[in-house]
Amino acid sequence: MYGSFAQGTADQYSDIEFWLFFTTAPASPTVWITQVHPPLHVIKNESGAHVAFFPGLIRGEFHFAPVTQIESVAAWPAAPSVPLVDRHNRLPHPAATIDHDADICGRFANWLLLAHHVGQRGEHLRQRDALSHANRHLLWMARRCVNATEHWQTPSRMAEHELPAELVAGFARTDENVQAAWQLGRSLWLKLDPNPPWPFIDELDKTIGAVA
């Protein structure tokens with residue numbers, strides 16, 4: 001189990017979330033889920049997980065995998081910072097470090113540049129979609145800057161309470177404006193990365209807009 005219940009921070013709006021490793025996979029994930037509680041509806045989401053909607057509109061997310069994949073848990077990028085409940089003590093221990101900082105900054109720039117390019121082409125809905133991904137990485141960058149990694153897996157959760165007010169204010173337009181996202185992202189990047197890729201940053205300044 002992972003997510004807010006594993007963290008001990010769940011409330012009446014929280015989802016239940018599980019990775020399930022099977023020696024013999026169930027013939028029907030929906031039938032297996034029904035053993036937990038009869039759902040109102042079950043769908044398979046875009047990442048391959050089965051999502052069940054239970055009475056009271058409680059949302060349950062179930063990832064079905066063979067037990068041969070259990071070792072992969074240790075290699076999950078955010079494994080050290082995602083609380084897990086493992087009642088059978090079968091999960092491998094994750095690496096001691098988190099895949100963050102320079103990598104997260106680079107992934108932010110990847111989504112940001114895509115947002116810029118498709119916007120220049122006139123694909124404004126696609127631009128907003130790319131900016132939503134960039135914004136998620138901005139939240140991770142912000143959390144790393146102030147060491148507020150309590151809700152790493154869902155970085156927007158409780159962000160208004162866990163991040164400084166002036167940093168929250170910096171997100172005012174980052175989900176709709178490429179230049180605003182770059183200005184915040186650039187400042188966070190320089191705080192996180194001791195060796196930023198200056199030729200790349202300079203090119204982004206020229207293309208998207210330098211920071212005053």
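The values are calculated or read from the model by the stated rules, or taken from the named source; none is laboratory data. Just so it is clear, the model here is predicted, and its values are computed rather than measured. Note that we place each Cβ from the backbone using ideal geometry, even for glycine, and neighbour counts take in every protein chain shown. Heads up: the accessible areas ignore ligands, DNA and RNA and are worked out on the full protein's heavy atoms, side chains in. Shrake-Rupley method; radii C 1.70, N 1.55, O 1.52, S 1.80 Å.
Does Leu167 satisfy the condition of being open to solvent by less than 20 Å² (accessible area, probe 1.4 Å) and at pLDDT 95 or above? No, not satisfied.
In segment 151-163 there is no residue matching the filter, namely being free of Cβ contacts under 8 Å to residues at least 40 places away in the same chain, of a type in the set (Phe, Trp, Tyr) and buried (at least 16 other Cβ atoms within 10 Å of the Cβ).
Checking each residue in segment 12-42 for being among the hydrophobic types (A, V, I, L, M, F, W, C), in a strand (DSSP E or B) and open to solvent by less than 60 Å² (accessible area, probe 1.4 Å) picks out Ile16, Phe18, Leu20, Phe21, Phe22, Val42.
Going by the structure shown, is Val178 closer than 24 Å to Gly119 by Cβ, over 18 Å from the mean Cα position of the chain (by Cα) and at pLDDT 95 or above?
For Val178, the condition - closer than 24 Å to Gly119 by Cβ, over 18 Å from the mean Cα position of the chain (by Cα) and at pLDDT 95 or above - is met.
For segment 1-39, filtering for residues that are touching a helix residue (DSSP H, G or I) at 6+ places or on another chain (Cβ under 8 Å) and either farther than 14 Å from Ala65 by Cα or among the charged types (D, E, K, R) (or both) leaves 7.
Looking only at residues of segment 112-123 that are more than 23 Å from the chain's Cα centre (by Cα) and more than 15 Å from Leu204 (Cβ to Cβ), we find that the one that is most open to solvent (accessible area, probe 1.4 Å) is Arg121. Ile201 meets the conditions (1) outside any loop (DSSP other than H, G, I, E, B); (2) at pLDDT 95 or above; (3) β-branched (Val, Ile, Thr) in every case but one. The failed one is (2).
Kindly establish whether Asn177 is touching a Ser or Thr at 6+ places or on another chain (Cβ under 6 Å) and open to solvent by less than 40 Å² (accessible area, probe 1.4 Å).
No; evaluated as a whole, the condition is false for this residue.
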